[in-house]
Amino acid sequence: MKAIPLVCFALIALFLVGCGQTEKIKMASNPVLTPGQHPQVFEKTITKNLSCEYLLFLPEGYSKNKQGWPLMLFLHGAGERGSDLNKVKIHGPPKIVEKRKDFPFIVVSPQCPEDDWWTDKVEVLINLLDDIAARYNVDTERIYLTGLSMGGYGSWALAAEYPERFAAVAPICGGGNRIMAFRLKDVPVWAFHGAKDPVVPLKQSEEMVDAIKARGGDARLTVYPNAGHDSWTETYNNKELYDWFLEHRKISKTK
């Protein structure tokens, strides 16, 4: 039998020592618990990739030298989902600004992917808003939120999750979680709905507005008696909506 070189013994010894250290670490991180209930802590760092395509409108006269501009975040309906941004221009503010270059808001109009929902994209939306506010001349005390149908649901959900971010919210033919209405008591809300809506029942808007009012909030509902699901055309063609937005400002708690 040939003699085993000393280097082999050294490698074997290091391997055994390493195994012993690994076992000790494992034992330390997974202590044996006695039967019964024990307080524990879970902590894990994860990395996420958030992305979406969107339309950005900057009004005539936009200048970084001017005091910040009001911003409107618009959430489209289910029919405009996908990867073609031209579909987002079919309704609402992104349609209006195609012709109205003097529209007095920065308008951000993201597109929801096919077969997805705005209510599942709250984290994407708030991070998009953060990014726009950081890179453009935005008055963060005048950020407004609106959306139609699926975007109405998204508006209710996003506003309830981040009420401190919005100066006013206008959900159109959508609905929300009434349990979360208490979070909207300090956010002015103007909801819109068609009385004959066959897709989203009027009750969806009524319940949210009533729940906010019951908690002392500022909420109102405009019902179009002859409108079906399309209650957004009349709403977005109404100058009163934009005047109402601009009447409201989110006062910073530091002031």
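Read-outs: derived from the displayed coordinates by stated rules, not from any lab. This structure is a prediction, so every number in the text was calculated from the model and none was measured. Glycine gets a Cβ as well: all are built from the backbone with ideal geometry, and neighbour counts include every protein chain shown.
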Relative contact order for region 54-246 using alpha-carbon pairs under 8 Å, separation at least 6, rounded to a whole percent? 19
Among DSSP beta bridges whose residues both lie in the chain, state the antiparallel percentage, nearest 5. 15
Using a 10 angstrom cutoff on alpha carbons, build the Gaussian network for the chain and name the most mobile of 212, 46, 90. 46
Residues residue 90 and residue 66, FRET efficiency given R0 of 41 Å [Cβ-Cβ distance, rounded to 0.05]: 0.85
Evaluated at 4 °C with a viscosity of 1.567 mPa s, what Stokes-Einstein diffusion coefficient in µm²/s does the chain have when Rh comes from the Kirkwood expression over alpha-carbon pairs? 61
Residue separation times 0.36 nm, minus the C-alpha to C-alpha distance between residue 53 and residue 161: what's the value? 36.7 nm
Over region 30-154, what is the percentage of antiparallel beta bridges among all DSSP beta bridges, to the nearest 5? 30
Convex hull over the alpha-carbon atoms of region 50-196: what's its volume per residue in Å³? 113
Spin-label model distance (nm) - residue 38 vs residue 177, 7 Å beyond Cα toward Cβ: 3.3
The residues 69, 117, 190, 156, sorted from fewest to most surrounding Cβ atoms within 10 Å, come out as 117, 69, 190, 156
Calculated from DSSP helices alone, with each H run of at least 4 adding -39500 (n - 2.57) and the total divided by the residues of the chain, [θ]222 nm to the nearest 500 comes to -10000 deg cm²/dmol
Region 198-244: projected area of the alpha-carbon convex hull, averaged over directions, in nm²: 3.7
Can you list the aspartates and glutamates whose alpha carbon sits under 14 Å from that of residue 95, skipping same-chain ones fewer than 8 residues off? 80, 234
